1. Considering every pair of different Cα atoms, what Kirkwood radius, in Å, is found for the chain?
2. Going by Cβ distance under 4.7 Å, what cysteines of the chain have no possible disulfide partner?
3. Can you give me the pair-distance distribution of region 4-71, C-alpha pairs, 10 Å bins, whole percents?
4. Report the trypsin sites (Lys or Arg not before Pro) located in region 1-106 that are in a DSSP loop and have at most 15 other Cβ atoms inside 10 Å of their Cβ, or state none.
5. May I have the count of lysine pairs in the chain with C-alpha atoms under 21 Å apart, counting pairs 8 or more residues apart or located on different chains?
6. Normalised by the residues of the chain, what does the relative contact order come to in percent, with Cα pairs under 8 Å and at least six apart?
7. Could you size up the charge dipole of region 6-121 around its Cα centre, putting +1 on the beta carbon of Lys and Arg and -1 on that of Asp and Glu, and report it in debye to the nearest 20?
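Where a number appears in this text, it was derived from the coordinates with a stated rule and is not lab data. A quick note: this is a predicted structure, and the numbers were derived from the prediction, not measured. Here the Cβ positions follow ideal geometry from the backbone for every residue, glycine too, while neighbour counts run over all protein chains shown.
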Amino acid sequence: MPGAGIEKWPVRGGVHVVAVECFEGPYQGVSIVYLVRSRARVTGPLRFRIYADAGNGVPTARTRTGVAGVLTFHPRSGRLTVLDKARGLGDCGIYSVFRLGKKSFVPVEARAKTACDGKPPFDPGRWPKLPLP
């Protein structure tokens, strides 16, 4: 999501996923996500069961509405990916994948690389898997 602001992705039947970036951090921001069916029908902010690192290098599952990371929604698959980089190089952090249900996002994959060592794998889709939160 480039800069603080609002990102909107179409889903189906006039429904949109809307991410509001509330805070810009050094590597990525913190966003709150909504499902918007019409001007009068808004669901959210949505709650996510997602891993986060409190600064000790141990990813811990938490339920939160503010999601830290770079969010990318893929309308065709209904998948939302979140890359929470631990440093700007992007060689470490937490990678989460969610599937859009009727009223929420369901976790389908979580991965993490806690060693910020500049070594591969650099693709977060190849980082070690975490148990689903």
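1. Numbers: mean 1/r = 0.0661 Å⁻¹.
One decimal place: 15.1 Å for the Kirkwood radius.
2. CYS22
3. P(r) over region 4-71, rounded to whole percents: 21, 45, 26, 7, 1.
4. Numbers: sites: LYS8, ARG12, ARG37, ARG39, ARG41, ARG47, ARG49, ARG62, ARG64, ARG76, ARG79, LYS85, ARG87, ARG99, LYS102, LYS103; in loops: ARG12, ARG39, ARG47, ARG76, ARG87, LYS102, LYS103.
Hits after loop and neighbour filter: ARG12, ARG39, ARG47, ARG76, ARG87, LYS102, LYS103.
5. Numbers: LYS8/LYS102; LYS8/LYS103; LYS85/LYS113; LYS85/LYS119; LYS85/LYS129; LYS113/LYS129; LYS119/LYS129.
Summing the qualifying lysine pairs gives 7.
6. Values: 302 pairs, mean separation 22.2, N = 133.
Once normalised by length, the contact order is 17 percent.
7. Its charge dipole is roughly 720 debye.
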